[in-house]
Amino acid sequence: MSARATDERSGAHSTHRAVPREKALTRQAEDYLKVIYEIEQGGSPAATTDIAEQLGIAAASVSGMLQRLARLGLVKVERYRGARLSASGRLIALQLIRRHRIIESFLVTKLGYGWDDVHEEAERLEHAASADLVDRMADALGNPTADPHGAPIPTVAGRVDERRLASIADLPVGARARVVRMSDRDPELLRYLKKRGIVPGAILRLVEREPFDGPISLTVGRAKQSIGATAAAAVYVEKSARTDR
Ligand SMILES: [Zn+2]
């Protein structure tokens, strides 16, 4: 666990705001910062092609925005390697992620949305909601530390659990694990997983794995399930020490 993960003060009640939100940033610029943050979690700088792919735009249009963000002191661009967030860029990205995850939690817990139904709504609202509205939503929820998909919610000061987790696809045969979080990008995948009981907190055991990215057999609770490699790679787990075959 990283040092950052140790401080889980929510901070939602505090009167200080770590850094005022960059008023001048467009939604597009904010999306860049968020995507760069997510790619950097993989351990390397965000390459232009990866940014373009994540944003669904042409690679040729990325470098102009990176230069603009670099002039604002939000990213550092390393030639041939890609972009890294500066401390202030990182804070803005984490504030966006905080908004996104609190909004998703609010929609599910207070407004009865399904967990497969909130990501697109949060993608829009994260750019529009004021810090005050988001803090009030967090308060109304009791300042949760994870969103409905199990993803950690950064504090106001930008502290977040950045542990890297294994996915079901990484588990050896016989391993037991607890589901921590899942990718929330694909609503159909979320519905598919939920139908099989694969939700945060579920305990599973990997029974068998077919070669060549074939199906993976699991027990989830007491039920036997079989899922494909793509679904398995979208579910992040914490391995339990106990392993049996
Ligand atoms: Zn989401």
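Read the figures in this text as sums done on the coordinates, not as results from a lab. Since the structure is predicted, the reported quantities are computational estimates derived from the model, not experimental observations. Every residue, glycine among them, receives a Cβ derived from its backbone with ideal geometry; neighbour counts consider all protein chains shown.
Descriptive notes on the structure:
- Approximate spin-label separation Glu120-Asp186, in nm, with each point projected 7 Å along Cα-to-Cβ: 1.6 nm
- Sorted by Cβ neighbour density within 10 Å, fewest at the top, the residues Thr26, Thr155: Thr26, Thr155
- Peptides 68-74, 166-172 ordered by average Cβ neighbours within 10 Å, highest first: 166-172, 68-74
- FRET efficiency for Asp170 and Tyr113, using Cβ-Cβ distance with R0 set to 30 Å, rounded to 0.05: 0.45
- Ordered by the count of other Cβ atoms within 10 Å of each Cβ, fewest first, Ile216, Ile51, Ile203 give Ile203, Ile216, Ile51.
- Scattering profile of the chain at q = 0.14, 0.16 Å⁻¹ [log10 I(q)/I(0), Debye over alpha-carbon scatterers]: -1.00, -1.23
- The range 166-243 - percent relative contact order, Cα under 8 Å, separation 6 or more: 45 percent
- Cut-off 12 Å, label 7 Å out along Cα→Cβ of Thr145, residues of the range 157-177 by amide N: 160-162
- Normalised by the number of residues in the chain, the average gap of Cα pairs under 8 Å and 6 or more apart makes the relative contact order 19 percent.
- Ellipticity at 222 nm from helices only: DSSP H runs of n ≥ 4 in the chain, each -39500 (n - 2.57), divided by the residue count, give -11500 deg cm²/dmol.
- Across the range 160-177, coupling constants 3J(HN,Hα) worked out from phi with the 6.51/-1.76/1.60 Karplus curve, θ = phi - 60°, read 7, 6, 10, 3, 8, 10, 6, 9, 4, 4, 8, 6, x, 4, x, 6, 9, 7 Hz, and Gly and Pro carry x.
- For the range 68-144, applying the loop criterion from DSSP together with a ceiling of 16 other beta carbons within 10 Å to the chymotrypsin sites (Phe, Trp or Tyr not before Pro) yields Tyr80, Tyr113.
- Segment Arg68-Ser86, extension gain: residue separation times 0.36 nm, minus the distance between their alpha carbons: 5.1 nm
- Relative to the current alpha-carbon distance between Lys76 and Thr26, full extension at 0.36 nm per residue lengthens the span by 16.1 nm.
- Taking 7 Å steps out from each Cα toward its Cβ at Phe212 and Ala233 produces label points 1.7 nm apart.
- Fully extending the segment from Thr49 to Lys195 would add 49.1 nm, taking 0.36 nm per residue of separation and subtracting the current Cα-Cα distance.
- Label-point separation, Ile203 to Ala223 (7 Å along Cα→Cβ), nm: 1.7 nm
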